[in-house]
1. Please give the helix 35-47 orientation as an angle from the longest Cα principal axis of the chain, in degrees from 0 to 90, rounded to the nearest 10.
2. Using helices alone, I'd like the mean residue ellipticity at 222 nm for the chain: each DSSP H run of four-plus residues gives -39500 (n - 2.57), total over residue count, nearest 500.
3. Once both labels are modelled 7 Å past Cα along the beta-carbon direction, what's the Asp54-Leu14 spacing in nm?
4. When the accessible area of the stretch 48-117 is split by element with a 1.4 Å probe, what percent falls to carbon and sulfur?
5. Which of the GluC sites (Glu not before Pro) across the stretch 8-56 are loop residues per DSSP, with 13 or fewer other Cβ within 10 Å?
6. May I ask for the net charge around Phe32, where only other residues with Cβ less than 13 Å from the Cβ of Phe32 are counted and Lys, Arg are +1 while Asp, Glu are -1?
7. Lys and Arg at +1, Asp and Glu at -1: add these up for the other residues within a Cβ distance under 15 Å of Gly104 and post the number.
8. Quick check for you: with a 1.4 Å probe and neighbouring chains kept, what is the accessible area per residue of the stretch 4-104, in Å²?
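The values are calculated or read from the model by the stated rules, or taken from the named source; none is laboratory data. Note that the structure is predicted; figures quoted are calculated from it, not measured. Ideal geometry is used to build each Cβ from the backbone, glycine not excepted, and the neighbour counts take in all protein chains shown. What goes into the accessible areas is simple: the full protein's heavy atoms, side chains included, and nothing from ligands, DNA or RNA. Shrake-Rupley method; radii C 1.70, N 1.55, O 1.52, S 1.80 Å.
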Amino acid sequence: MTIFDFGRVLEIDLSTETIKIYELTKEDVIKFIGGEGVAAKIYWDVMSSNPNIDPFDENNVLIFATGPLTGTGVPGAGRTIVAGKSPQSYPERFTTSSFGGEWGAELRYAGYDILVI
């Protein structure tokens, strides 16, 4: 696994119980480098048609995104970004947070860099 393998997305629709797998373009990976950048890009692409969606609406998305160095053994590269529209902020808006540990590396070892629910 290298940083050049970054960009595989697993999208799960819980309402229809369907799974979609696709790759980000190399241009998007370079332009929006990192988990936070690609999460923002994916959120914008999916939600731009409905920017006033409620955070608890079933059509809202929750994104888990690793960075391109996650799982490579680089020190400090084990963060995972969680992104979506948050009910914690007022007004409600797109926000991100992150967490460490093995979860992001395990997602990459499973063959995916980004999980969209």
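1. Helix 35-47 sits at roughly 30 degrees to that axis.
2. The helix contribution divided over the chain gives -6000 deg cm²/dmol.
3. Taking the two extended label points, one gets 1.5 nm.
4. On the way: 2050 of 3900 Å².
Percent of accessible area from carbon and sulfur atoms in the stretch 48-117: 53.
5. Working: sites: Glu11, Glu17, Glu23, Glu27, Glu36; in loops: Glu17.
Those satisfying the criteria are Glu17.
6. Values: positive: Lys26, Lys31, Lys41; negative: Glu27, Asp28, Glu36, Asp45, Asp113.
Here the count lands on -2.
7. Values: positive: Arg8, Arg79, Arg108; negative: Asp5, Glu36, Glu102, Glu106, Asp113.
Within the 15 Å Cβ shell, the charges total -2.
8. Working: 6340 Å² over 101 residues.
I get 63 Å² per residue for this part.
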